[in-house]
Amino acid sequence: MEPIHKPQPLDLLVIGGGPAGLCAAVEAAPFDLKILVVDDGPAFGGQLVKQTHKFFGSKLQLAGTRGLRIGQMLYEELLQYPNVVLWHDSRVLGVYPDGVVTVDRAGTYHKFKPQRTVIATGAAEKFLAFPGNDLPGVYGAGAVQTLMNVHGVLPAKRLLMVGAGNIGLIVGYQLLQAGCSVAAVVEGLPTYGGYQVHASKLRRAGVPILVNHTIKRALGEDRVTGAEIVRHKDWVPIPGTEREIECDAICLAVGLSPQNTLARMAGAEHAYVGEFGGWVPKRKPTGETTVPGLYVAGDCAGVEEATSAMIEGRVAGIDAACKLEKIPLVEYTHRMVDLERQLVELRSGPISTHIRAGLEKVLIG
């Protein structure tokens, strides 16, 4: 392993090559900044590479375009800029309070001293504790999407979905399209949290959505052969409501936790915001944290949708370019007003009430 050398200068380092990170780089790329985008995955796009469904929203948010195509479009756009370097299969090991960032690429350590850094590391799947949750056949929703939509592998013949947010409902329908039977969707809350359009697709296909239910245990010795579910009241199981469901896989789609490790390491102040999935960095509307020059965007700043992550990334990218005096103030102001308007519109509906509440807890002056 080669030694660590003197930190290399950069104008902008983007950590994470998903929707937020790619958009931050796309927004800053035209202003002749020296930019490096680092991602630990085998390809750029983050969760977009798994998303075969079409996006909602307006044309500005690429409505009607499949998620995987959006990731490809952003990546191809960045390839046009000689001032942008793209590293995949590379891990950021640390973002330190002195501004130095260490990256492991193919076993070689690289150190950088960027003037501005955007952390867009996304979120990790939450898990549930229940007997048998370590059996082969218990998956997270992200793993199921990767198997089906990236590798073309059907994860099960008959599957129980746990969680009726957008991820659970969308993946449930994708399983049906791929030829897997979905026994039921189990949701612990009194109502499902995903969009009505996704729930309706499953119901039309005969898949029951069981609210106020949870999984009690997985059945099987060497692998999943079924699941026991139970109805509850205020999260206390109701005796006599247990039922066994035959299935060879259980998919958990029970929420996401923001990946905040690097922002914490850098010294950014955090707040616990339940509406955003956990601990998130305090930040300005531009995405800049309490550490000057350090930005967050996307799910690591609070779990939302990919469309809002993309806009947040663009906001961080254009603000970084402005702070580096690479963009005229008039042009910056015009662009920022437009992006802020898009975010407000995206978060204006009744389904985004919790997002607006979360922003009140995390935004600083």
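The values are calculated or read from the model by the stated rules, or taken from the named source; none is laboratory data. Keep in mind that this is a model prediction, so the values were computed, not measured. Neighbour counts run over all protein chains shown; Cβ positions are idealised from the backbone, glycine included.
Worth a mention:
- Residue match in the stretch 34-49 (condition: of a type in the set (Asp, Glu), assigned to a loop (DSSP other than H, G, I, E, B) and assigned by TED's automatic domain parsing to the domain that holds Glu288): yes
- Selection of first residues in the stretch 17-29 that are assigned by TED's automatic domain parsing to the domain that holds Gly67 and of second residues that are among the polar types (S, T, N, Q), restricted to Cβ pairs under 7 Å at least 6 apart or on distinct chains, gives the following pairs, ordered by first then second residue: Gly18/Gln47; Ala29/Asn83.
- Check on Ile209, within 27 Å of Arg66 (Cβ to Cβ), touching a strand residue (DSSP E or B) at 6+ places or on another chain (Cβ under 6 Å) and surrounded by 16 or more Cβ atoms within 10 Å (Cβ to Cβ): yes
- Failed item, numbered, when Thr241 is tested on (1) β-branched (Val, Ile, Thr); (2) outside any strand (DSSP E or B); (3) in contact (Cβ under 8 Å) with a residue 24 or more places away in the chain: (3)
- The residue list Gly168, Gly226 contains one member that is touching a strand residue (DSSP E or B) at 6+ places or on another chain (Cβ under 7 Å) and free of Cβ contacts under 8 Å to residues at least 60 places away in the same chain, which is Gly226.
- Selection over the stretch 249-284 of residues that are surrounded by fewer than 20 Cβ atoms within 10 Å (Cβ to Cβ) and more than 22 Å from the chain's Cα centre (by Cα) gives a count of 1.
- Pick from the stretch 156-182, criterion of a type in the set (Gly, Ala, Ser) and under 24 Å from the mean Cα position of the chain (by Cα), ranking: farthest from Gly194 (Cα to Cα): Ala178
- Output for the stretch 115-142, where each listed residue is of a type outside the set (Ser, Thr, Tyr), out of contact with any Lys or Arg (no Cβ under 9 Å at 6 or more places or on another chain) and surrounded by 14 or more Cβ atoms within 10 Å (Cβ to Cβ): Val118, Ile119, Ala120, Gly122, Ala123, Ala124, Glu125, Lys126, Leu128, Val138, Ala141
- Strands (runs of 3 or more DSSP E) contained in the stretch 137-196 and holding at least 3 residues touching an Asp or Glu at 6+ places or on another chain (Cβ under 9 Å): 158-162
- Within the stretch 88-136, the set of residues being touching a residue at least 12 places away in the same chain (Cβ under 8 Å), in a loop (DSSP other than H, G, I, E, B) and over 28 Å from Asp222 (Cβ atoms) comprises His88, Asp89, Tyr96, Pro97, Gly99, Val100, Ala106, Gly107, Ala120, Thr121, Gly122.
- Only one of Thr333, Thr286, Thr290 that is β-branched (Val, Ile, Thr) and more than 19 Å from Ala29 (Cα to Cα): Thr290
- A count restricted to the stretch 218-230 and to residues that are in a strand (DSSP E or B) and surrounded by fewer than 16 Cβ atoms within 10 Å (Cβ to Cβ) stands at 0.
- Sole exception among (1) part of a strand (DSSP E or B); (2) closer than 27 Å to Leu135 by Cβ for Val254, by number: (1)
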